[in-house]
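First comes the structure, then the notes that go with it.
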Amino acid sequence: MIDDRTGTRRPVPLASIRSLAPYRQGKAKLDDVAQPLKLSSNESMIGPSEKAIAAYRDCGARLALYPDGSQAALRTAIGRVHGLDPDLILCGNGSDELIQLVIRSYAGQGDDVVISQNSFAMAFVHAIAQGANVITAPEAEMRPDADAILAAVSPRTKVVILASPNNPIGQYIPRDELLRLHRNLPSDVVLLIDGAYADYVDEPDFEAGDGLVHRQGNVVMTRTFSKLYGLAGLRIGWMYAPEEVIDSVQRIRTPFNANAAALAAAEAAVCDTGHAEMVRRENKAELARIAERVEKAGMRFIPSVANFYLLRFPNGLTPDAAARHLEARGIIPRPVNAGGPAEVLRITVGRPEQNDRVIAALTEFVGA
Ligand SMILES: *Cc1c(COP(=O)(O)O)cnc(C)c1O
């Protein structure tokens, strides 16, 4: 490309990459609040297990050493706690990296990647960067829809991606529907189930996806330590996948994609099942309490099983006005009308006293 100002030639990124808009992180700062209550990125307000923090600190003495590239200790721990085969587990720099590596392994120029409407925004970016076409499958019932996904699949489809529970809604596809989707999907299409919020769900008709993963199959489940385990800052996630998917991702991942501190802290975190259970229980109890209080105040609470919830406001009040009202009180929510379902505000579940602050501010907002 010729530079307009200097008239010299300069390098040009791929057209697929130029077509992408930069990722916008949830707002983290407010101009005049020193320590805002950040409820915009679904981080854990409880934080990680004390044991994970201790394991992280211990790493400080070994920073000169490369991490274990085979990730053996963490894969073994995950396998033991979740009852899975450690050989089919691979860890990454957040589940985001693993989603990217699976897409890179299977979808190229001109291929189709089908993404259920309310999935992980980065899946779109990774597919487009490969030169693939993204086909969005609508979620009419606000959760991944087996028929809509199957209707979007064509002979060009290489990968299908759905988040269950989804984001920004927080609803899951029931097991029967997931099984039906899998049964009717061509067996040479990768079905990637993003279970970032699966740790929060204990409903009997929920299937996180691991039950569909087989050594020779086409299903991949990704999970993360960023949400329930409170380790978003360390960047560590994992996937459970068929042998061939593991093998192909092994070929293109960097050898030390999961760093030593992340591996150590995540191993301690997954073994501390008591902490995980406490977080799961508090989140569920708080969701129910918040739902009751905001509905009573006249707002519409959209049911969620994850660590966030969506609100609709009465009397033409907009999510942006609600966000401004909360921000003036030091609370940062995430308006999701850009790209997500229209006219809703997403808020991360906090500790009980934090949620009380949010409810009080919102009640004031709709009552004013
Ligand atoms: C937070 C989130 C992820 C996880 O990202 P990490 O890279 O593991 O931190 C994946 N999918 C969805 C839908 C998410 O909301």
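The values are calculated or read from the model by the stated rules, or taken from the named source; none is laboratory data. These numbers were taken from a predicted model, which means no experiment stands behind them. Cβ atoms come from the backbone with ideal geometry, glycine included; neighbour counts cover every protein chain shown. Each accessible area value is taken on the protein alone, full model and side chains, heavy atoms only, with ligands, DNA and RNA left out. Shrake-Rupley method; radii C 1.70, N 1.55, O 1.52, S 1.80 Å.
Roughly what % of DSSP beta bridges within region 50-271 run antiparallel, to the nearest 5?
30 percent
Can you give the direction-averaged projected area of the convex hull of the alpha-carbon atoms in region 256-323, in nm²? Mind showing how you got there, number by number?
On the way: hull surface 27.7 nm².
Projected over every direction and averaged, the Cα hull of region 256-323 covers 6.9 nm².
Work out the charge dipole of region 50-271 with +1 on the Cβ of Lys and Arg and -1 on the Cβ of Asp and Glu about the Cα centre, then indicate which of VAL189, ILE246, LEU263 is farthest towards its positive end.
LEU263
Considering only C-alpha atoms, what is the centroid distance from region 1-50 to region 58-114, in Å?
24 Å
Using the alpha-carbon centroid of each, what span in Å lies between region 146-205 and region 272-315?
23 Å
State which helices in the chain qualify, where a helix is a whole DSSP H run, it must extend 18 Å or more along its own axis by its Cα atoms, and its mean Kyte-Doolittle hydropathy must be at least 0.0.
Numbers: long enough: 94-106 (19 Å, 0.19); 273-296 (35 Å, -1.05); 352-367 (22 Å, -0.10).
Membrane-span-like by this rule: 94-106.
Taking 7 Å along the Cα-to-C-beta vector as the label spot, tell me the ALA285-ALA61 distance in nanometres, rounded to one decimal.
Inter-label distance under the simple model: 3.7 nm.
Given the alpha-carbon gyration tensor of region 144-230, what are the semi-axes of its equivalent ellipsoid in whole angstrom, ordered largest first, with each equal to the square root of 5 times an eigenvalue?
In descending order the semi-axes read 22, 14, 12 Å.
Can you run phi through the Karplus equation (6.51, -1.76, 1.60; θ = phi - 60°) for region 18-23 and list ³J(HN,Hα) in whole Hz, with x for Gly and Pro?
So the Karplus estimates, Gly and Pro as x, are 5, 6, 8, 8, x, 5 Hz.
Using the beta-carbon distance between ARG180 and THR136 and R0 = 25 Å, what value does 1/(1 + (r/R0)^6) give for FRET efficiency, to the nearest 0.05? All intermediate terms of the calculation are to be shown ahead of the outcome.
Numbers: r = 20 Å, r/R0 = 0.81.
That pair, ARG180 with THR136, gives E of 0.80.
Over region 50-271, average the accessible area per residue using a 1.4 Å probe and give it in Å², no decimals. Show your work: numbers first, answer last.
Numbers: 8930 Å² over 222 residues.
Per-residue accessible area for region 50-271 comes out at 40 Å².
Quick one: which residues, 5+ away or cross-chain, put their amide H under 5 Å from the amide H of ASP112? H built at 1.01 Å from N.
Those qualifying (amide H under 5 Å, at least 5 residues apart or on another chain) are ASN133, THR157, LYS158.
In region 50-271, carbon and sulfur make up what percent of the accessible area (probe 1.4 Å)? Could you put the intermediate results ahead of the total?
Details: 4520 of 8930 Å².
Ligands and nucleic acids excluded, carbon and sulfur give 51 percent.
By a straight-distance test (C-alpha under 17 Å), which aspartates and glutamates pair with LYS296 as possible cross-link partners, with residues fewer than eight away in the same chain excluded?
Once the sequence-local aspartates and glutamates are set aside, what remains near LYS296 is GLU286, ASP356, GLU364.
Give the shape of region 1-40 as rounded, prolate or oblate, defined through the alpha-carbon gyration tensor: a ≥ b ≥ c are the square roots of its eigenvalues, a/c under 1.5 means rounded, and otherwise the shape is prolate if a/b is larger than b/c and oblate if not. Kindly include the intermediate steps, with their values, before the conclusion.
On the way: a/c = 7.24, a/b = 2.59, b/c = 2.79.
Note, shape of region 1-40 comes out oblate.
Pull out a ≥ b ≥ c, the square roots of the eigenvalues of the alpha-carbon gyration tensor of region 99-173, then state rounded if a/c is under 1.5, prolate if not and a/b is larger than b/c, and oblate in the remaining case.
Details: a/c = 2.45, a/b = 1.51, b/c = 1.62.
It comes out oblate by the Cα gyration axes.
Less than 11 Å Cβ to Cβ from ARG183, Lys/Arg counted +1 and Asp/Glu -1: what total charge do the surrounding residues give?
Computed value for this residue: -1.
Rounded, prolate or oblate: which fits region 28-104 when a ≥ b ≥ c are the square roots of the eigenvalues of the alpha-carbon gyration tensor, with rounded for a/c under 1.5 and prolate only if a/b beats b/c?
On the way: a/c = 1.99, a/b = 1.54, b/c = 1.29.
Cα axes put region 28-104 in the prolate bin.
Listed highest first by mean packing, meaning other Cβ atoms within 10 Å per residue, what order do 201-212, 321-332 come in?
Numbers: 201-212: 16.4, 321-332: 18.2.
In descending order of packing, they fall as 321-332, 201-212.
What is the local net charge at TYR172, summed over the other residues whose Cβ is closer than 10 Å to its Cβ (Lys, Arg +1; Asp, Glu -1)?
On the way: positive: ARG143, ARG175; negative: GLU177, GLU203, ASP205, GLU207.
That sum, taken over residues with Cβ under 10 Å, equals -2.
Among 289-301, 223-235, what's the highest-first ranking by average C-beta atoms within 10 angstrom per residue?
On the way: 289-301: 16.2, 223-235: 23.6.
Packing order, densest peptide first, comes out as 223-235, 289-301.
How high is the relative contact order of the chain, given as a whole-number percent (alpha carbon pairs under 8 Å, six or more residues apart)? The partial results should precede the final answer.
Values: 717 pairs, mean separation 80.4, N = 368.
Normalised by residue count, the contact order of the chain is 22 percent.
So if R0 is 51 Å, what FRET efficiency would ASP205 and ALA28 give, r being the distance between their Cβ atoms, rounded to the nearest 0.05? Walk me through the intermediate numbers first.
Details: r = 36 Å, r/R0 = 0.71.
It comes to 0.90.
Using the Cα centre of the chain as the reference point, and only Cβ charges (+1 on K/R, -1 on D/E), how large is the resulting charge dipole? Debye, rounded to the nearest 20.
Values: 40 positive and 44 negative charges, 191 e Å.
Dipole about the Cα centre, nearest 20: 920 debye.
What ranking do 12-19, 42-49 get when scored by the average of other Cβ atoms within 10 Å per residue, highest first? Don't skip to the answer; put the middle values down first.
Details: 12-19: 10.1, 42-49: 20.6.
Put in order of decreasing packing, that is 42-49, 12-19.
Taking H placed 1.01 Å from N in the peptide plane, check which residues at least 5 places from THR136 or on another chain put their amide H under 5 Å from its amide H.
ILE115
In a Debye calculation with equal point scatterers on the alpha-carbon sites of the chain and no solvent, what is log10 I(q)/I(0) at q = 0.09, 0.11, 0.13, 0.14 Å⁻¹?
The Cα Debye sum returns log10 ratios of -0.54, -0.80, -1.09, -1.24.
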